[in-house]
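These notes are about the structure you will find just below.
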Amino acid sequence: MKKRHANLLLLVAMVVLPLALLGWQAYRLLTSDSEIQQARYDQLVEARLQQVDQTIQDYLSSLADDWRQRLPTWPLDARGLQTRLADEIRVRQLFLLGPDNRRLFPRDPLSSDEQDFVERLEAIWRDPSLLQARRTESEAGISAAPSPSLSSVFRKSARESDGMQSAAGWYMWHWGAGTRLLFWWRSPAGETIGLALEPARLKSDLIGLLPEDETADFSIRLRDAAGQEIYQWGSYVPEPGETYHHYPLSYPLSSWTLEYAGSQPTAAAAGFGLLLLLGTLAVVLVGLALYLYREQTRELREATRKVEFVSQVSHELKTPLTNIRMYAEMLEEQLGDDPGQRNYLGIIISESQRLGRLIGNVLNFSRMPPLHIREVDIDALVRQTLDHFLPGFRTRGLEVRADLQAGATLETDADMLEQILNNLLSNVEKYAADGGAVDVATRVADGQLVISVRDHGAGIPAAEQKKIFDAFYRIGNSLTEGVSGTGIGLTIARQQAQRLGGDLRVSDASPGACFTLRLPVIRGEMP
C-alpha cells in the first residue's frame, strides 16, 4: 500500500511540478507584461493631463506677464483705478494697498459689491504678507501629483529702483463653495495692487483654450472646486462602475481637478500564446498521467487478486494441516518405544508446524489481524515457542542456549509476539544452521521488554541490514542458495513489532547476526 501511494505521489509530481513551473513562468510573464502595459497607460494619461494643465498654466502666465508690464503705468488714485477697472474685462474687483499696507482703494463709502469684496479679503487686510507666501500643493491640502514647477505660475520679477524690489504673483482663496483667483503686483515704492478675476470670464477663457476633439478614444473632464463640470471632451463612454483618474491642476487652481477615463490596456498576445501552450501541455501531461495511472492500477489489481487467491488457498490449507498435526500428536502418545517410529513421527509434527508458520505468514501479510491484548508470561511464551523448534534444530545440529530473565508478565498480543519469534527462529533454522547454536535471551531494561535472538552463522552484510525488512527482498549470495523462502517473514515481524508499540532491529554479532525486539512494558504505549 505504501509503495502504491509512493508511485501515485511520484506520478502526480511528474505532472504537477512541470505544470506549476510553467504556470509560474506564464503568470510572471503576464504580470510583467500587464505591469508594463499599465505603466505605459499611466504615463500616457499623465502626459495628456499634464499637457492640459500646462495649457492652463501658460494662459495664467500670459495674463501675469501682461499685467506686470501694464500695472507700473497705472495711476494710483481712486479715479484712475476706477477707470482702469472698467477697461479690464477679466477683472471683477481690485484693491490698492499703500507702502504701510493700509488699504487705499476701495475707499469708503463702499458700494455693495465693494463691501462684499472687502469682506472676502478680510484675511489680506489683517496680514498682507499672505500675498507673498508661496503656496504649494501640500499647503493647499492637495495630494502630491506631477505638475509643472510653481515658477511658471508664481514669479517674482526684480528690478532695482530706489533700493527697493518689485514683486508679483497669484493668490487663491475660497469663498463659499467656490474659489476666487487674484493677481497682485507690488511696486518698487511699496504699493500693492490686487486684481480679482471674474470667475465666469476665467472659465470661458479656459474652455476656449481646451480641445474640441469629440472622436478621441478617451474622455477628459475639468471640474472646479465645487465639483461642477466646466468642460468635457472625447468620445469615450465609461462602463458602469468605471472610475475616472483624478489629476489636480497646479497652483493657483490646485482645487480644480482633471478627470480622465479611457480604454484600459489589454494583456499581450504573447502571454495568451503561452497560456495556450501551457493548456495544451497540461492536457498531454494529464492524459499521460491518467494512462500510466490506469496501467499501474491494473497491475495492482492483478497483484491484489493474486494475493487474495494465495490467501484463500492458504486459509483452506489450515484445516487439513491442523488435522494432520492433531492426529500425529495423538499417534505419538500411542506409539511404543520404537525410536525409529518416534523419529519419523517427530519429523511429521515438525514439518507440519513449519508449514503452519508459512501459512500464517501469508495470511498475516495479506491482512493484519486485530490485536488481542492480555497478560502474557513472557519467559513461558518464549520457552514454549523454542519447544516447537527443538525437533528441527536437533535435526540440523543446532544447540539452543536460553537465558530467560524477563521474570514478569506483559500485557500484549501473545499470538503476534509468538509469530515474531517464529519468524526469527525460522530464519536461524534455514540460514544459520552451520553456526551450531542459537542464543535466546529475555530481560526488562529501562521500562522495555528486550528479546534477542542471536545466531552464529555467516552474518548479514552491513549494506543488506536495512533491506532485509523490505517485502520480498532476499539476500542474493551463497547464504540463500538452495534455501526456499518468500522474503516476507522479517517484513511481517517488524510490522507486528511496531503494531505492539515497539520495534525490531538487526546488528552484527561477530560471528552471526543478532535480532533485538523491544516492546514497552506499559500497555498505554501500544497503539
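Just one of the listed residues (Ala216, Ala200) is outside any helix (DSSP H, G or I), surrounded by fewer than 18 Cβ atoms within 10 Å (Cβ to Cβ) and either in contact with an Asp or Glu (Cβ under 8 Å, 6 or more places away or on another chain) or not polar (S, T, N, Q) (or both), namely Ala216. Entry remark, the stretch 35-78: residues being touching a Ser or Thr at 6+ places or on another chain (Cβ under 9 Å) and not in a helix (DSSP H, G or I) number 2 in total. Can you pull out every residue in the stretch 237-247 that is under 23 Å from Ile56 (Cα atoms) and part of a loop (DSSP other than H, G, I, E, B)? Scanning the stretch 237-247 gives a single hit, Tyr244. The lone criterion from (1) among the aromatic types (Phe, Trp, Tyr); (2) outside the structural domain of Asp503 (by TED's automatic domain parsing); (3) at pLDDT 70 or above left unmet by Tyr344 is number (3).
His245: more than 28 Å from Ala78 (Cα to Cα) and surrounded by fewer than 18 Cβ atoms within 10 Å (Cβ to Cβ), yes or no? Yes, satisfied.
The values are calculated or read from the model by the stated rules, or taken from the named source; none is laboratory data. Model, not experiment: these values are computed from the prediction. Reconstructed Cβ throughout: ideal geometry from the backbone, glycine too, with neighbour counts over all protein chains shown.
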